[in-house]
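Here the structure comes first, spelled out in structure tokens, and everything after it is commentary.
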Amino acid sequence: MSRIIYIPVSVALLITVFAAQAGTFEKGAWSASGCGAMPETPVVDSSSVDAFNQSVGKINEWQKQIQTYHDCMIKEANADNAAINKSATAEQSRINEAVEKVNKEAAAGKQKVEQASSRSSSGSSFPSLAPPPGGMGGQPGY
């Protein structure tokens with residue numbers, strides 16, 4: 001049996017927005033993808049007073065740039081975390097709903113078979129259902 005799944009336009013646009021601003025996760029490391037390269041750390045030159053003063057000017061400018069980079073990175077990381085959380089929670093709901101549906105169908109089937117069995121008095125016993133995997137009590141498992 002196949003199903004056609006329709007994704008509302010608003011959801012598709014939301015996924016596109018998150019995908020456009022998402023960081024990258026590769027080999028266990030996350031990095032921002034929309035913030036450009038991290039500004040290169042300036043070198044402190046203490047060979048003379050003038051050289052040192054120029055270094056301090058470069059450090060001050062770098063600190064502004066690194067703050068902008070940092071803010072962008074945090075914003076992107078927070079957006080990714082929110083998107084992951086929303087997606088994981090939705091998937092957990094889908095799993096929980098599927099488990100509940102199958103358990104209800106199994107309980108109804110068991111009741112039907114028990115009623116038919118009691119009429120014919122065959123004396124069969126029925127296995128019990130195993131608990132759902134991952135502690136699916138409605139609480140996030142991640």
### Message
I'd like to verify a number: residues in segment 42-87 that are over 27 Å from F25 (Cα atoms) and not acidic (D, E), how many?
### Response
17
### Query
So which residues in segment 60-93 are closer than 14 Å to A32 by Cα, of a type in the set (D, E, K, R) and surrounded by fewer than 12 Cβ atoms within 10 Å (Cβ to Cβ), if there are any at all?
D71
#### Entry: segment 17-40, subset surrounded by 14 or more Cβ atoms within 10 Å (Cβ to Cβ) and not in a loop (DSSP other than H, G, I, E, B), residue modelled with the lowest pLDDT
F18
### Query
Is it true that V43 is at pLDDT 95 or above, surrounded by fewer than 13 Cβ atoms within 10 Å (Cβ to Cβ) and not in a helix (DSSP H, G or I)?
yes
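The values are calculated or read from the model by the stated rules, or taken from the named source; none is laboratory data. Quick caveat, the model's predicted, so the values are computed rather than measured. Ideal geometry is used to build each Cβ from the backbone, glycine not excepted, and the neighbour counts take in all protein chains shown.
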